[in-house]
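Notes for the one structure printed next.
The values are calculated or read from the model by the stated rules, or taken from the named source; none is laboratory data. Because the structure is predicted, anything quoted here is derived from the model rather than measured. Positions of Cβ are generated from backbone atoms using ideal geometry, with glycine treated the same way; all protein chains shown enter the neighbour counts. Accessible surface is based on the protein model in full, side chains and every heavy atom, while ligands, DNA and RNA are left aside. Shrake-Rupley method; radii C 1.70, N 1.55, O 1.52, S 1.80 Å.
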Amino acid sequence: MSAKGTNGTAKNTGRSGAEVSRGTASPVVSASRPDNIRNIALVGRSGAGKTLLAESLLAATGVISRMGSIVDGTTVSDSDPSEIHQQRSVALSVLPFAVDEIKVNLLDTPGYADFIGDLRAGLRAADAALFVVSAVDGVDAATTALWAECEHVGMPRAVVISRIDHPRANYEAVLMGCQEAFGGGVLPLYLPVRADGVIIGLQGLLSGSVSDYRPEGAPPTTRPADASELAAADAARGTLIEGIIAESEDETLMDRYLGGEDVGLDILISDLETAVARGSFYPVLPTSAQTGVGIDELLEVMTRAFPSPLEREVPPVTDLDGNPVGPLTCDPAGPLVGEVVSTAIDSFLGRVCLLRVFSGTVRENSTVHIGGHGLEDRGHQDHDSDERVTHLQAPFGSSLRAVSFAVAGDICALTKVATAETGDTVSDRESPLRIAAWEMPEPLMPVAVQGASHGDEDALARSLGKVAAVDPTLRVERNPETHQLILWCMGETHAEVVLDRLRAQGVKLQTVDVITPLRETFATPAAARGRYVKQSGGHGQFAICDIEVEPLERGAGFEFVDKVVGGVVPGQFISSVEKGVREQMQKGVSAGFPVVDIRVKLVGGKAHSVDSSDAAFQAAGALALREAASGARIQLLEPVSVVTISVPDSYLGAVMNDLSSRRGRMTGTDSAGGDRSEVSAEIPDAELLRYAIELRALTAGTGSFRRRYLRHEPAPSGAAVHA
């Protein structure tokens with residue numbers, strides 16, 4: 001960090017005290033001790049520069065010989081065809097490299113909101129987060145919300161201001177924006193050094209030395225800062241030192257510093273590393289992936305200041321009956337507990353499951369217990385099984401290399417496992433355990449799909465099962481009323497990726513309009529006769545029934561009343577009439593939607609001693625209801641949901657105005673803490689089909705909502721046609 005020496009070689013003392021020189025790394029790095037592992041999630045908005053920063057880190061540590069290109073689709077982390085096509089990350093990728101004896105598992109997460117499931121998976125697997133903010137675009141509201149989410153769980157963080165060499169970059173303004181958005185404790189460790197208006201290196205605020213990155217691609221040289229550079233950085237240096245001392249466990253240090261005592265550099269660095277590791281101080285580093293400026297300094301922070309898995313708590317664990325176990329620690333000799341944080345389908349290997357090992361050691365050719373629970377509503381059935389780990393791999397982007405074991409704190413990949421899905425717990429077969437589930441975002445945008453032909457339906461069903469098994473943010477359902485196959489997605493881009501993956505498996509499909517499941521009811525009373533009389537030789541069919549239909553209040557359901565006098569309809573056929581009415585109600589009487597909220601009275605009819613039958617009176621009951629509908633006014637009913645919208649206060653007015661355009665009825669507004677509010681409203685489902693996308697656009701990606709079916713109510717004629 002700022003203690004970098006003057007010979008241009010970074011020394012890594014770390015919190016363990018050992019000093020070794022930085023070396024290079026091979027594409028697959030092994031670790032046998034948790035204290036030599038760093039799991040770091042790379043997070044930030046799409047376009048902030050995460051993928052190129054990862055490429056630069058891999059090149060700087062010797063993992064790759066040169067950086068790949070996003071445009072050409074040659075980066076290590078973006079290998080999925082959808083990623084290459086869209087030129088953005090859509091899935092979590094693990095990029096390990098080594099600095100000295102430290103293995104860093106860099107988790108490159110998607111920055112687009114549709115893929116928040118993979119982003120949260122990366123945070124689940126990580127012990128620290130590196131927020132990447134573009135010096136061109138600054139901090140967006142979604143990144144600020146993610147910062148608050150990490151703050152809630154106490155995750156250590158640092159900020160990288162990327163693309164500082166861009167012609168439109170404004171490092172100073174973006175730094176100020178980060179401090180305003182992220183709050184206290186966000187302070188720079190370095191300042192950019194310019195020559196002829198071009199950033200050529202960094203000045204360490206603690207060490208007072210300057211790292212000169214000229215010429216591009218060569219190792220930086222280090223020199224003492226000159227008098228003008230020291231003077232320009234004096235205020236920032238004082239603020240940094242005071243910020244570090246404020247986090248020191250030595251309560252006398254601030255008084256001594258303010259009293260004029262010169263605090264030693266080794267004390268400042270030690271306190272800085274401790275504060276970063278415990279998540280109370282957040283260093284800011286300027287970088288350029290293209291020129292390499294700041295990459296050495298960033299590697300020092302990642303390996304020296306970020307915590308090892310030993311310094312982070314293992315998530316709560318229970319046995320299969322729900323009884324708490326532990327607490328467990330990150331001990332390679334402890335009971336095995338790992339979690340599948342991400343799953344992919346490979347055409348040759350089948351399922352590839354990324355596994356974060358929290359406790360114990362997973363070994364090749366061992367038998368483990370795999371259990372998954374709590375996602376039945378998304379098509380992931382509860383399951384418990386024992387499987388043999390025949391293929392244990394070390395992931396590197398999309399490539400894999402066999403390893404014999406993975407210790408607590410490390411990340412590995414399981415291939416050719418039959419039952420494992422994202423969110424599953426992997427534990428010892430003899431004492432199976434279950435790790436506490438992490439929050440999974442709810443997919444709220446429906447997409448209706450069908451096979452291009454009748455023969456493609458089976459292939460679609462098979463492939464959907466595979467895709468849904470690896471994507472917990474996708475929910476697949478067959479709507480029982482409209483009979484449509486609905487994919488519930490996070491947004492348009494997520495839907496596009498899901499459809500691309502289905503087509504890549506050879507499925508011929510097409511999307512169709514989502515049908516809102518309307519219902520029908522009688523708006524006025526009606527009476528009718530159902531006459532079912534047929535004679536075709538032998539026994540005929542004879543049944544006549546007279547009914548009266550009355551509308552009921554919403555939600556009352558269906559009532560059938562026997563008002564027959566004198567036995568004109570024999571008792572054994574009363575239930576037959578009711579059954580026929582009910583069957584016709586399911587088929588609909590006007591637009592083909594189920595009929596609800598009516599009372600049907602059977603008031604008369606006729607029967608034949610020979611030709612009357614159960615089937616005849618069922619048919620007569622159905623005919624009677626259809627005849628009654630022809631003489632009554634039929635009202636279409638649309639589903640209405642209770643929607644709770646969480647939104648920053650600054651967007652509250654825009655959201656409330658938008659609700660009125662959706663025929664929404666406000667039912668309340670409450671404070672959600674901080675600067676957020678929750679708006680409750682009743683909104684017709686037809687107005688919510690694209691609300692996941694539109695709310696995101698309306699609130700710059702910061703709004704979210706949840707919904708719950710409330711009731712069906714009369715639909716305006718225009719809404720009924722739209723549905």
* Structure fact -> For the stretch 43-73, the count of residues that are modelled with pLDDT of 80 or more, among the β-branched types (Val, Ile, Thr) and open to solvent by 10 Å² or more (accessible area, probe 1.4 Å) equals 3
* Looking at the stretch 606-639, which of the residues that are outside any loop (DSSP other than H, G, I, E, B) and of a type in the set (Asp, Glu) is most open to solvent (accessible area, probe 1.4 Å)? -> GLU627
* To do: Identify the residue in the stretch 205-234 that is farther than 11 Å from VAL293 by Cα, touching a residue at least 12 places away in the same chain (Cβ under 8 Å) and among the polar types (S, T, N, Q) and, among all such residues, is most open to solvent (accessible area, probe 1.4 Å).
  => THR221
* **Failed criterion for ILE267 (all others in (1) among the β-branched types (Val, Ile, Thr); (2) in contact (Cβ under 8 Å) with a residue 40 or more places away in the chain; (3) farther than 18 Å from ALA41 by Cβ hold)** => (2)
* Write out, first by first residue and then by second, each pair whose Cβ atoms fall under 7 Å of each other, whose residues are 6+ apart or on separate chains, and whose first residue, in the stretch 639-664, is over 11 Å from ILE683 (Cβ atoms) while the second is open to solvent by 40 Å² or more (accessible area, probe 1.4 Å) and part of a helix (DSSP H, G or I). => TYR651/LEU698; ALA654/LEU698; VAL655/LEU698
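Tell me yes or no: at least one residue of the stretch 140-147 is among the hydrophobic types (A, V, I, L, M, F, W, C), touching a helix residue (DSSP H, G or I) at 6+ places or on another chain (Cβ under 6 Å) and not in a loop (DSSP other than H, G, I, E, B).
yes
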* Selection from the stretch 586-607 of residues that are touching a strand residue (DSSP E or B) at 6+ places or on another chain (Cβ under 8 Å) and charged (D, E, K, R) -> ASP597, ARG599, LYS601, LYS606
* Asked: Restricting attention to the stretch 606-615, and to residues there that are within 12 Å of GLN572 (Cβ to Cβ) and in contact (Cβ under 8 Å) with a residue 60 or more places away in the chain, which single residue is nearest to the chain's Cα centre (by Cα)?
  -> SER613
* To do: Would you please name the residue that is farthest from ALA148 (Cα to Cα), looking only at residues in the stretch 98-116 that are in contact with a Ser or Thr (Cβ under 6 Å, 6 or more places away or on another chain) and open to solvent by 10 Å² or more (accessible area, probe 1.4 Å)?
  => ILE102
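Being open to solvent by less than 20 Å² (accessible area, probe 1.4 Å) and out of contact with any helix residue (DSSP H, G or I) (no Cβ under 7 Å at 6 or more places or on another chain) is the filter here; which residues of the stretch 315-333 pass it?
Selection gives VAL317 alone.
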* Structure fact -> Here the residues within the stretch 425-445 that are among the acidic types (Asp, Glu) and at pLDDT below 90 are GLU439, GLU442
* Kindly indicate whether any position in the stretch 587-605 is outside any strand (DSSP E or B), more than 29 Å from ILE515 (Cα to Cα) and open to solvent by 40 Å² or more (accessible area, probe 1.4 Å). => no
* Applying the selection to the stretch 272-293, what residues are open to solvent by 10 Å² or more (accessible area, probe 1.4 Å) and more than 12 Å from PHE306 (Cβ to Cβ)? -> SER280, ALA289, GLN290, THR291, GLY292
* Structure fact -> Those residues of the stretch 184-204 that are open to solvent by less than 30 Å² (accessible area, probe 1.4 Å), assigned to a loop (DSSP other than H, G, I, E, B) and at pLDDT below 95 come to a total of 1
* Somewhere in the stretch 156-168, is a residue open to solvent by 30 Å² or more (accessible area, probe 1.4 Å), among the basic types (Lys, Arg) and farther than 21 Å from PRO441 by Cα? -> yes
